[in-house]
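Here the structure is laid out as structure tokens; the discussion comes afterwards.
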Amino acid sequence: MSAPVSGPASAPGLVHRFSIRAEVGPYRRVGDVVGGVLQVIPITGGTVTGAGLDGEVLDGGADWAVFRPDGSVLVEARYQIRTAAGTIIDILNTGLAGRPADGEEVPSYFPTSPTFRTDVEEHRWLLDSLFLGWARVTPEATTIEVFEVLAPPA
């Protein structure tokens, strides 16, 4: 019989690093795909604010959303930000929005998992950390509160 695997005595912590407000254009319906109906939502600009990062969301990204038959939505957004210092950072943000509440077309809040790419040493911490996002959707924008996942206390 094998010994049970033991985990940390306490849960990891979260610290808020920054907020991303991605402004969006009208949805474009692509059509039926495996798993649901694909719609592409263009990202047209926005802001990044917080102690960990500050700048703007660049025009040209998009969110590919698969609306599943059960009402949930798989999201995959790819876009770039430019920091106040001029650094371009590429972002891939995936998530799963549960079924919407009554009267909603898409869920108002849902978790995401943002990952970042950059070659600038000052922002290396974005590549060396794990992040959790909490997204809020409105017709004009999606706002994502980005939290860094911290190791549990020893």
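Couple of notes before you dig in:
- Selected residue (criterion: modelled with the highest pLDDT) from residues of region 128-148 that are among the hydroxyl-bearing types (Ser, Thr, Tyr) and not in a strand (DSSP E or B): Ser129
Let's see how each residue does on (1) without any contact (Cβ under 8 Å) to a residue 60 or more places away in the chain; (2) hydroxyl-bearing (Ser, Thr, Tyr); (3) touching a Cys at 6+ places or on another chain (Cβ under 7 Å):
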residue	(1), (2), (3)
Ile43	yes, no, no
Leu74	yes, no, no
Ile81	no, no, no
Tyr109	yes, yes, no
Thr118	yes, yes, no
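- Restricting the search to strands (runs of 3 or more DSSP E) fully inside region 1-99 and requiring at least 2 residues that are at negative phi and surrounded by 13 or more Cβ atoms within 10 Å (Cβ to Cβ) gives 13-24, 36-49, 55-57, 61-67, 73-83, 88-97.
- Hits in region 15-47 (condition: under 15 Å from the mean Cα position of the chain (by Cα) and over 21 Å from Pro139 (Cβ atoms)): His16, Arg17, Phe18
The values are calculated or read from the model by the stated rules, or taken from the named source; none is laboratory data. Worth saying up front: this structure is predicted, and the values here are computed from it rather than measured. Here the Cβ is made from the backbone with ideal geometry for all residues, glycine too, and neighbour counts use every protein chain on show.
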